[in-house]
Amino acid sequence: MAITLTVNGTEHLLDVEPDMPLLWALRETLGLTGTKFGCGIAACGACTVHLDGRPVRTCTLPISAAVGKRVTTIEGLAQHGTLHAVQQVWVDAQVPQCGYCQSGIIMAVAGLLAQTPNPTDDEIDASLTNICRCGTFARVRKAIHQAAAPRTEGAAS
Amino acid sequence: MNKWTRRAFIGAGTITGGGFLLGVAGFTLAPGRHTLVSADAGEHGQLTTWITVTPDNLITILIPHCEMGQGTPTALAMMAAEEMNADWRLVRVQEAPALDEYANGYIIRTLSGDYVPAVMARGVDYGAFKIAQWFGFQVTGGSTAVRSTGEYGMRVAGAAAKEMLLTAAAQQFGVSMAECTAKSGRVLHAASGRSASFGELARAAAALPVPTSPALKNPDTFTLRRTAVPRLDIPSKVDGSAIYGIDVSVPGMLYAAVDFAPVQGGRVVHVDTKPAEAMRGVKKVLVLEEAVVVVADSFWRARKALAALTPEFHDGGNAGVSSETIFAAFDAALGAPPQMPATAATVVTADYKVPFLAHAGMEPISCTARVDGSHCDVWTGVQDPLNARSTAAKALGFENEQVTVHNQLLGGGFGRRLPFNFDYVDLGVRIAKAMSPTPVKMIWTRENDTQHDYYRPAGMSRHAGALDANGVPLAASSFYAGGGNGEAVFMPYAIPEKDADAKDAAHPIRLGQWRSVLNSQHGFFKESFIDEMAHAAGKDPFEFRRTMLNQQPRFKAALEKAAAMSGWGTPLPAGEGRGIAICESFGTIVAEVAHVSVSVAGRLKVLHMYAAVDCGDVVNLDTATAQVEGGIIFALSAALLGEITIKDGRVVERNFRDHQMIRIVDAPLVSVEFIRSNALLGGLGEPAVPPAAAALTNAIYAAAGVRVRELPVKKTPLVKQA
């Protein structure tokens, strides 16, 4: 059965079972390996993408649930060659270590900031439940506040 | 400085594409080096040198270490570029191929013949000693990359390259070399105002002999080192383009899912493969001795088909093993506590326990392989590609030369991907052989990863300490089971009698190195116990330690700095407390203070961790800081929540729901400061781990009056018993 999927603005026709998790369709069928497999039970967040702009964990999400919706992966987050503000502060704050969990964290944070442009620490704690084994949390928090801070004229980045 | 007893060699020639290669053979004592670094190396496309300069002014530095998140390639390249006075913007790095010529085990080994590097001579530095034993390994572990490859390899190679470029410029300008200086990738002759770029000089420089003992820069003149240089790998880690082992794509590859015999040492007895074989996408079901494997055209289909099988496994005779039986054996082996002097006014005793721990890197284990006739290609992420190569060769009955390992980025190592832990390479190539010549990517589920690790050893210790009537320590001794070594049990304190003896209590659980190796257990044991002695003496735990460190100025300075950073001694609200601990490992001394709160109901919150670090000097300030921040969080996650439990011979925990890790809500602030003692460089990947658990539990005691003697902390109710 063919399934139509819109990923990063492009439509794809996939011959996969409707219960295949979106993660594996993205990684194996479309070759978009920036979205990571971490646990397979939606516990760690490494597989987070946006579905119509909202973060979702794709390792347990059947592909059928994404039909008719816009899927945005880490590869599609930058626009016209310009990094998304979250990606940019991730570079500025040198957040990643091994980096494996960071696609998922960046997608989760981009989703959080779209809903809550200037989150408090409590809002960050409540929203961001991704696991990072390298322990980048302090930098993640700092970078979120940096991304959220209003860009004032002439301020150093 | 190290001795160069043979002539260094140079490779120079035309690179494919018209470039020109200046090579400096940094490690010339490696067997086989002489034949490999020949004058026409470049023409054969064989890059066997460490530094190349091309006419476009780019400098490429080969790094014989993997990137698993520590920024090692960036730091090593900085060390070479610093010596060259290169323009950092023009420096690129490349991981060295998995060939014997790039074994970094040579570095320490060659230096330890008639000259023992001081990093090893310190005696307590077990990590470097271990790496030195791994002669011929291309290992990233033991926190050794910067202090061995960097200090004895990259600096020398960079200095030699600079000297050659200076010589070439002097000849071109018709002046003496002494009149020329190298700066930002150019050689300048100040008197005449002439200059030439490194790229312009590369061809002439490449024709020169390599200096055998180039002058290294005075550390006071460093301009690049100690700065916070952005890591070279980070851009690819924010846009999804970084390729880890699990991301590798080989044309035509299939996917394999694995179901292991759950009990340690178990094997497959019987399985009816038919239900899986009938399912979509399934190509083959392999019944191996230790596992059932489904190979399919997608990993998800392979997994789904595997789930349709009900294999019967033998328990390998270990079904009676459990965490309880293991700790009972430890307890029995430890016996009575160590004897204390009869003159003691007070004797303190305590037992401590730590569990098995899994590495749980975020990237599950994977191995992609293709066996085609007499050659095998392996794509994976390992901390030692050379040993991965020999593991694959052995599994296939090949010579090492018949295997090519394409090492990829590692989604976390922490010791899981070190040599002797390459079960996944062994299995991956056997699956590929069964499917030959089709390439197969084997992926482990998180459950496979959690239940088939090489675990951080569980351990138990039994301590006794003696104080005189004034609360001055007379003795502090311990027995321990579960592993230890001289570095791990080392206590820097001036106590007349100190001893730590191993007691044997064998068990069948598979063990391996876990970030900071045996220091993670013993840091908790020894720094908890000294804290208990301080309280028994009625003394402040910081002052108690400090008065015993007069013979150890580096320890004392680190302890004082951590205390000062944390505001030690200033009043805290009720329910809050500070704890301090200090350990040396891998040549680096780290003192940490934990600041915690414990609510009336026993709810713990780690508020802030402070670390004062003496690793001699830092190379990259930002990556050094990140390693300490990350090491502390890694250690806290283990101390608070980490535990692998054995029941009926198998691991109980399966995935991140029952094998918890801390998340951002639980992560404290972390403050890090470095002490520039100018001692020999110490490691940084691991040394922040050992003191963290004890700093935490010592803080809990200060906050709540509850002494935690068993990790993880979650097992102990933090409400003081009436």
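When DSSP assigns beta bridges and you keep just the ones with both residues in the protein assembly as shown, what percent turn out antiparallel, to the nearest 5?
Antiparallel: roughly 75 percent of the beta bridges in the protein assembly as shown.
Can you show me the helix-derived [θ] at 222 nm for the protein assembly as shown, built from DSSP H runs with n ≥ 4 at -39,500 (n - 2.57) apiece and divided by the number of residues, rounded to the nearest 500.
Calculated from helices alone, the mean residue ellipticity at 222 nm is -8000 deg cm²/dmol.
Give the angle, between 0 and 90 degrees and rounded to the nearest 10, that separates the Cα long axis of helix A:102-115 from the longest principal axis of the Cα atoms of chain A.
70
Across the range B:252-269, in residue order, what do the Karplus-derived ³J(HN,Hα) couplings come to in whole Hz, using 6.51 cos²θ - 1.76 cosθ + 1.60 with θ = phi - 60° and x for Gly and Pro?
Karplus values, whole Hz, x for Gly and Pro: x, 6, 9, 10, 10, 10, 10, 10, 8, 4, x, 8, 3, x, x, 8, 6, 9.
Rounded to whole Å and sorted largest first, what semi-axes of the equivalent ellipsoid does the C-alpha gyration tensor of the protein assembly as shown yield via the square root of 5 times each eigenvalue? Present the calculation step by step, with values, prior to reporting the outcome.
Working: eigenvalues 327, 288, 163 Å².
The equivalent ellipsoid of the protein assembly as shown has semi-axes of 40, 38, 29 Å.
For chain B, report the translational diffusion coefficient in µm²/s to the nearest whole number, using Stokes-Einstein at 10 °C, 1.306 mPa s, and a Kirkwood Rh over Cα pairs.
D, rounded to a whole number, is 58 µm²/s.
Return the long-range amide H neighbours of B:L474 (sequence gap of 5 or more, or a different chain), with a cut-off of under 5 Å between placed amide H atoms.
B:A466, B:L467, B:D468
So which lysines can B:K162 reach, going by Cα to Cα under 16 Å and dropping same-chain residues fewer than 8 places off?
Within the straight-line cut-off, B:K162 pairs with B:K183, B:K217.
Using DSSP to call loops (not H, G, I, E or B), can you name the trypsin sites (Lys or Arg not before Pro) in the range B:528-607 whose Cβ has at most 11 other Cβ atoms within 10 angstrom?
Counting only loop positions with at most 11 other Cβ atoms within 10 Å, the trypsin sites (Lys or Arg not before Pro) in the range B:528-607 are B:R603.
Please identify the chymotrypsin sites (Phe, Trp or Tyr not before Pro) of the range B:396-484 that satisfy two criteria: DSSP loop assignment and at most 14 other Cβ atoms within 10 Å. Which are they?
Loop-located and lightly packed - B:F420.
Using θ = phi - 60° and the Karplus form 6.51 cos²θ - 1.76 cosθ + 1.60, what ³J(HN,Hα) does each residue of the range B:341-346 get, whole Hz, x for Gly and Pro?
x, 5, 7, 4, 7, 9
Residues of the range A:60-98 with backbone nitrogen within less than 12 Å of a virtual label 7 Å along the Cα-to-Cβ line of A:T4, please, listed as ranges.
Zone members listed by number: A:67-69.
Taking the Cα centre of the protein assembly as shown as origin, work out the dipole magnitude from +1 charges on Lys and Arg Cβ and -1 charges on Asp and Glu Cβ, in debye rounded to 20.
It works out to roughly 480 debye.
Calculate the FRET efficiency for B:A308 and B:L641 from the Cβ-Cβ distance with a Förster distance of 60 Å, rounded to the nearest 0.05.
0.95
Looking only at Cα atoms, what is the convex hull volume of chain A per residue, in Å³?
111
For the range B:493-615, just the Cα set please: Rg and Dmax, both in angstrom.
16.2, 49
Relative contact order, percent, of chain B when contacts are C-alpha pairs under 8 Å separated by at least 6 residues?
13
Longer than 31 Å from Cα to Cα, which of B:K304/B:K714; A:K142/B:K561; A:K69/B:K284; B:K539/B:K647; A:K142/B:K539 are they? Say none if no pair is.
With Cα atoms farther than 31 Å apart: B:K304/B:K714; A:K69/B:K284; B:K539/B:K647; A:K142/B:K539.
Which value, in nm² and rounded to one decimal, describes the direction-averaged projected area of the C-alpha convex hull of the range A:2-76?
So the Cα hull casts an average projection of 4.1 nm².
Tell me, what % of the accessible area of chain A is carbon and sulfur with a 1.4 angstrom probe?
Numbers: 3140 of 6020 Å².
Solvent-exposed carbon and sulfur of chain A make up 52 percent of the total.
Please express the Cα-Cα pair-distance distribution P(r) of the range B:242-337 as a list of whole percents, one per 10 Å bin, running from 0 to the bin with the greatest distance.
In order of increasing distance, the bins hold 16, 31, 23, 16, 10, 4, 0 percent.
For B:K433, give me every one of the aspartates and glutamates with a C-alpha distance below 13 angstrom, ignoring sequence neighbours fewer than eight places off in its own chain.
Within reach: B:D372, B:D377.
Among the helices of chain B (complete DSSP H runs), which have Cα atoms covering no less than 15 Å along the helix axis and a Kyte-Doolittle mean of at least -0.5?
On the way: long enough: B:72-84 (18 Å, 0.52); B:155-173 (27 Å, 0.48); B:323-334 (16 Å, 1.05); B:385-396 (16 Å, -0.02); B:423-434 (17 Å, 0.27); B:519-536 (25 Å, -0.63); B:553-566 (20 Å, -0.05); B:621-641 (30 Å, 1.27); B:692-704 (18 Å, 1.32).
Result, helices passing both filters: B:72-84, B:155-173, B:323-334, B:385-396, B:423-434, B:553-566, B:621-641, B:692-704.
Anyone know which of A:H84, A:H145, A:H12 comes out most mobile in the 10 Å Cα GNM of chain A?
Its mean-square fluctuation being the largest, the pick is A:H12.
With a 10 Å cut-off between alpha carbons and a GNM built on chain A, which of A:T33, A:T48, A:T82 moves the most?
Maximum fluctuation in the GNM of chain A, among the listed residues, is at A:T82.
Report relative contact order for chain A in percent, whole number only (criteria: Cα-Cα under 8 Å, sequence separation at least 6).
23
The values are calculated or read from the model by the stated rules, or taken from the named source; none is laboratory data. What you see is a predicted model, and the numbers here were worked out from it, not measured in a lab. Every residue, glycine as well, gets a Cβ built from its backbone with ideal geometry; the counts of neighbours run over all protein chains shown. Protein only, heavy atoms only, side chains kept; ligands, DNA and RNA dropped before computing areas. Shrake-Rupley method; radii C 1.70, N 1.55, O 1.52, S 1.80 Å.
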